[in-house]
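Below you will find the structure I want to go over with you.
The values are calculated or read from the model by the stated rules, or taken from the named source; none is laboratory data. On a predicted model such as this, the values are computed, not experimentally measured, just so you know. Cβ atoms come from the backbone with ideal geometry, glycine included; neighbour counts cover every protein chain shown.
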Amino acid sequence: MVLEIRKPRPLWEILFSTHHTDVALLYTVSSLIFLFMGGTLAMVIRSELLFPGPTIINDPSIFNRIFTMHGTDLLFLWLLPFAAGIGNYLIPIMVKYKDMAYPKLNAVAYWMIPPGAALVWLGWADIGWTAYPPYSIIRAPGPAADMWIFGLKILGLSSILSSINFVVTILKCKHPDLPIMKVPIFVWAMLITSFMILAALPTFTASLIMLYTDRLGVSGFFNPAMGGDPIAYQHLFWFTFHPEVYIFFIPAIGMAYELIPKFSRKPLFSYSSGVIALILLGLIGFASWAHHMFSTGLSFIEKTVFMVGTLAAVPMSAMHVFNWIATPWGGRIRFAAPTKWVYGGIALFFTAGAGGVVNTAIPLDFITHDSYWVVGHFHLFVMGTISFIFFGFMYYIFPFMTGRMYSERLASIHFWLMFIGAILTFVTQHILGLFGMPRRVYDYVSDPDLIIMNQIASIGAFMMGTAMATFLANMIHSTMKGKPARMEDPFEIGEQYYDYRRREPHH
Amino acid sequence: MTTGEESPIIRTSSRRFAKGLAVIVIIMAIGAGINLGFADFWHKFPPSNQLKIQEVKGGESVVSTGVTREFELKFVESADFRTLGFNAVTGEAEANPPIEVNVGDTITVKVENGGKMPHAFGVVSNPEDPNTIVFKAAFKSASDPIKSGEKGEVTFTPTKEGEYFYICTVPGHSLQGMQGKFIVKKAEGAAGGAVAPAKPTGMSHSFDFAFTESADFRTLGFNAPKGEPNSNPEIRVKAGDSVTINVINNGKMPHAFGIVSDPENPNAIVFNVKIKSADNPILKGQTGSVTFVADKPGHYFYICTVPGHPLQGMQGDFIVE
C-alpha cells in the first residue's frame, strides 16, 4: 500500500485501524466484493429472461428475491461504499489534514456496513429494493423483510456518520492556507454529497421504522386496512431516493473532474462553473422526487411542478458535460484506462439523460411507467455512467493502493466489452419497455419481438459479465504480481498527483 | 515531508494479498452456510399484523342459500353530538335495530349519513375495535368516511354463525352509541323460501372445461375466449343429477373454478362446488375435478373465481331444472 503509512503490517492491524487510508482500503475492497456479488445476480436474472417462460428459476418468489438483492446490494453496498472509500483516501490528502476529522467515528461508520450487509444478504427479502407497501407490510414473509429493514437502517446510519465526518473534515480541518475555492472539485463533490445525505436520509430512516411497526401491526401508517396510505410511503421513500440518485452520481462527477484535467494534461476549463453546477445540482435533486409517482394520481399542477423540477437538472448536467468536453479540447490526451472509462461514462450519461427527459414529460411517463424502459434508463445511469467512472477511478487509484500497475491490455478488454455490452443491454431494454414488457417479471409473452430483444439484452449482459471477470482477474493478478508502478508518475502524465509519501502519525 | 530514501514505497505482495483473499472467501463461505442452513427459516413467518386479520376473517366461502336480504341504516346524531346511533339516537326505541340473518344469505346494507359528522359502516366481531371487520362487510373507513348526507351500500355474505356487531368504524363512535347487534344463525332447512333438496335421480353427467385466454390476455373464457363459437357452453341438468366437472388450465394465468349464484361474487358458491381458489389457484397446465349433486333448481353460473376473470368473460350459465 503506497497511500498507507510506514511499513507492511499484519492484516488484523489494518482491519482495526482508524487511519483514513486503512478505512478507505476496507471500504473499497468491500464495495468491490459486493459489486461482484450483485453482478452475479444480474447474470442469473438475464439468464432467466433469455427465453420466455420459467427456465432456470421455477418459483417467481425466488426471482423476486434475486432482483431485490441485486438492487439493494448494488445501490447500498457498491455505489455508496465505493464513493466513501475513495473519499477516505483522498479527502484528507486534498484538504491537507493528517486524517479524517473523527478517525474512530470513521472506522465505526465502516464497521456498520458488514452487519448491515449480513442482515440484508442472509434474509434475501422479496420486497424489491423499494419495499413498497402494501406488499412489504401485509404479505412479505419475515424475518427476511424485517432483516432487510434493519439492515438498511444500519447502512443508513453508517452513511450519516461518514457524511458528518466528511463535512467536518472538509469545512473545519482544511488547511488554513488553502481557500475553499482552490480545493479539487472532488472535495466539493464529497461535501455536497454529504450534505445531501444528511438532508435526505432521515426521511427514509423514519419510513423504515414506520414500515417495521406497520409489519408488527401496532401502527397503520401505510396499511390501507387500518386507514393508512401506501402512497405516503412512496413520497417519503422518493424524497430520500431521488436525491440519493444524485448522491450516487455527484461523487462520480467529482472523480471525472479529477481525472479529465490530469489525463488531458491541461488545467480544468472552468473551476467555478463546475462548483456552481454541483451546488445547484445538489439543491435541484430535492425538487424532483414525485416524478417517480406521476401515475399515482397526482394533480396536474403537482405533476407540472415536479416535471419542471426534474428538467431543471438538465442545465447543470450540461454545464458539467461542457466542462468535461472543453477541458481536453486542445490538450495532450493520455488514453490510459481511466480516460476510456470516463469518456465512455460521459457518452452513456448523455444517452441516459436523453432517456430521462422522455421519462419526465408527463404524458410520455405514462407510457414508460413500470416498463423495462425504466430499468434501461436507471441502469444506463448507475451502471453506464456512475459505475463506469468508478471503474475508471479504480484503475486510477490502483497504483496508489498497491504500488503496482494493472494490465492495460486487460483493462482495455474490460472497457470495450463493457461499453458494447452496456449499450446492447440497456438501450434494448428501453425499446423493450416501449413494446410493453413490464419490469420485475420472470416470464414474458412469447412474442418474437420480445424474445429477440430480451436475447440481445441478455447477450449484452453476458458480455458485461465476461468484462467483469476480466476486471476481477486483472485486479487479483496485478495486485499480486503486477509490474511495480513508477510512483512519481505512474500514468506518465508528467506531474505529481498526490503527496503519496506523506507519513502522518498513526492512531 | 520525508524523502523516498527514508520511507521506501511499499508494494503489495502475493502472500499478503492471498491471505486477505482467503479471509474474504472464508467469511463468504460462512455466510452462505448460514444462509442455506436456515433456507426455510427466512421466509417462514407472515408479518405480525396478518395474524390478527386472519383470525377475524371468518370461515371459507359457504353454500349460498340464495336468500337476499336488505337492511337500511341511517347514521343519526343528537343535537349536542354526544350521543349517536343508527336510525335514532341510542336510548330511543327504534335505535340500533338488531339484525338477524342466516349463514349464506346475501346481505345488502344501505347506509345513509343523516348526521353532520363523517361516519363509516362495518360489521365487526368486537364493537370496540373497528379493525375486527368480518365478512369484508365494511363501507368506507375512518380515513375515507361517508360525509354528511352521502349514501352507500355494501353487499356481503356471512360465512360463520355467531354474534357480531354493526358499528360506525370511525374511532369512538361505537362507544357513543353507534353499535347494534348483528346475529348470524346457521341456515336450517328451507329457510327464507329456499326449495327443499331434490331427491337424487341417479343420472350422472360429466363436463370438461378448459380455461382459455386470448393472446393479449384481455378476453378470457371456458373452452375458447368469450365471443368465439365454443366459448362458455350453457349447461342444463335436472335437479338431483350427479355432475362431474373436469377442468384444465390451458392458459398462462392462474385460475380457479366455482359454481356461484352471482357471477360477480366469487364467494357466492353453491352446492359447495369449487376447485382450488384465488389464493391457491390452478396453475398453467394443471387439472382438477369435482363431483356433486345439483339438488336445487335454479339459474347458477360457473365462473373462474379469481377476481376479475368472470368480468373478462370466464362465466357461463349452469341451469338446474
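Consider A:Phe237 against the criteria (1) farther than 30 Å from A:Ile333 by Cβ; (2) modelled with pLDDT under 95: it satisfies all of them except one. Which criterion is unmet?
Every listed condition holds for A:Phe237 apart from (2).
In region A:229-243, is there at least one residue being farther than 29 Å from A:Ile138 by Cβ and part of a helix (DSSP H, G or I)?
The answer is no, given that none of the residues of region A:229-243 is farther than 29 Å from A:Ile138 by Cβ and part of a helix (DSSP H, G or I).
Shifting gears a bit: Restricting attention to region A:475-490, report how many residues are modelled with pLDDT of 90 or more, more than 8 Å from every other protein chain (Cβ to nearest Cβ) and in contact with a helix residue (DSSP H, G or I) (Cβ under 9 Å, 6 or more places away or on another chain).
Here the count works out to 4.
Moving on to the next point. Evaluate the following for A:Arg46: is it touching a helix residue (DSSP H, G or I) at 6+ places or on another chain (Cβ under 6 Å), surrounded by fewer than 24 Cβ atoms within 10 Å (Cβ to Cβ) and at negative phi? So that I can check it myself, show each step before the final result.
Details: touching a helix residue (DSSP H, G or I) at 6+ places or on another chain (Cβ under 6 Å): yes; surrounded by fewer than 24 Cβ atoms within 10 Å (Cβ to Cβ): yes; at negative phi: yes.
Spelling it out, A:Arg46 is indeed touching a helix residue (DSSP H, G or I) at 6+ places or on another chain (Cβ under 6 Å), surrounded by fewer than 24 Cβ atoms within 10 Å (Cβ to Cβ) and at negative phi.
Mind checking whether some residue in region A:57-67 is over 30 Å from A:Asp449 (Cα atoms), surrounded by fewer than 21 Cβ atoms within 10 Å (Cβ to Cβ) and within 14 Å of chain B (Cβ to nearest Cβ)? Step through it out loud before you land on a result.
Of region A:57-67, the ones over 30 Å from A:Asp449 (Cα atoms) are none.
Within region A:57-67, none of the residues are over 30 Å from A:Asp449 (Cα atoms), surrounded by fewer than 21 Cβ atoms within 10 Å (Cβ to Cβ) and within 14 Å of chain B (Cβ to nearest Cβ).
Restrict the check to region B:115-122 and report whether at least one residue is under 22 Å from B:Asn265 (Cα atoms), crowded, with 18+ Cβ neighbours inside 10 Å and aliphatic (A, V, I, L, M).
Residues of region B:115-122 that are under 22 Å from B:Asn265 (Cα atoms), as a first pass: B:121-122.
Then drop every residue that is not crowded, with 18+ Cβ neighbours inside 10 Å, which leaves B:121-122.
Filter once more, so that each one left must be aliphatic (A, V, I, L, M): none.
No, the conditions are met nowhere in region B:115-122.
Then there is this: Can you name the condition, by its number, that B:Asp40 falls short on among (1) more than 8 Å from chain A (Cβ to nearest Cβ); (2) outside any loop (DSSP other than H, G, I, E, B); (3) under 48 Å from the mean Cα position of the chain (by Cα)?
(2)
Counting only residues that are closer than 21 Å to B:Glu234 by Cβ and of a type in the set (Phe, Trp, Tyr), which one in region B:207-222 is farthest from the other protein chains (Cβ to nearest Cβ)?
That would be B:Phe207.
Quick grid of which residues meet (1) part of a loop (DSSP other than H, G, I, E, B); (2) closer than 18 Å to A:Met112 by Cα; (3) touching a strand residue (DSSP E or B) at 6+ places or on another chain (Cβ under 6 Å):
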| residue | (1), (2), (3) |
| --- | --- |
| A:Tyr27 | no, yes, no |
| A:Gly38 | no, no, no |
| A:Ile56 | yes, no, no |
| A:Thr72 | no, yes, no |
| A:Leu77 | no, yes, no |
| A:Phe82 | no, yes, no |
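Pick from region B:137-151 the residues that are charged (D, E, K, R) and closer than 26 Å to A:Val218 by Cβ: which of them is surrounded by the most Cβ atoms within 10 Å (Cβ to Cβ)? Break it down stepwise before answering.
Filtering region B:137-151 for residues charged (D, E, K, R) gives B:140, B:144, B:147, B:150-151.
Subset that is closer than 26 Å to A:Val218 by Cβ: B:140, B:144.
Numbers: B:Lys140: 21, B:Asp144: 12.
It comes out as B:Lys140.
For the condition over 21 Å from A:Ser219 (Cβ atoms), at pLDDT 95 or above, among the β-branched types (Val, Ile, Thr) and surrounded by fewer than 23 Cβ atoms within 10 Å (Cβ to Cβ), what is the one hit in A:Ile180, A:Ile154, A:Ile113, A:Ile197?
Just a single option satisfies the conditions, and that option is A:Ile154.
I want to confirm something. Restricting to region A:142-151 and keeping residues that are within 12 Å of chain B (Cβ to nearest Cβ), of a type in the set (Gly, Ala, Ser) and assigned to a helix (DSSP H, G or I), which single residue is surrounded by the most Cβ atoms within 10 Å (Cβ to Cβ)?
Checked region A:142-151; the qualifying residue surrounded by the most Cβ atoms within 10 Å (Cβ to Cβ) is A:Ala145.
Given the residues B:Val111, B:Val134, B:Val154, which is the only one that is among the aliphatic types (A, V, I, L, M), in contact with a strand residue (DSSP E or B) (Cβ under 9 Å, 6 or more places away or on another chain) and surrounded by fewer than 22 Cβ atoms within 10 Å (Cβ to Cβ)?
B:Val154
Considering (1) among the hydrophobic types (A, V, I, L, M, F, W, C); (2) surrounded by 10 or more Cβ atoms within 10 Å (Cβ to Cβ); (3) modelled with pLDDT of 80 or more, say which one B:Leu36 fails and leave the rest.
(2)
To continue, here is another question. What number of residues within region B:83-92 satisfy the criterion of being modelled with pLDDT of 85 or more and assigned to a strand (DSSP E or B)?
Here the count works out to 3.
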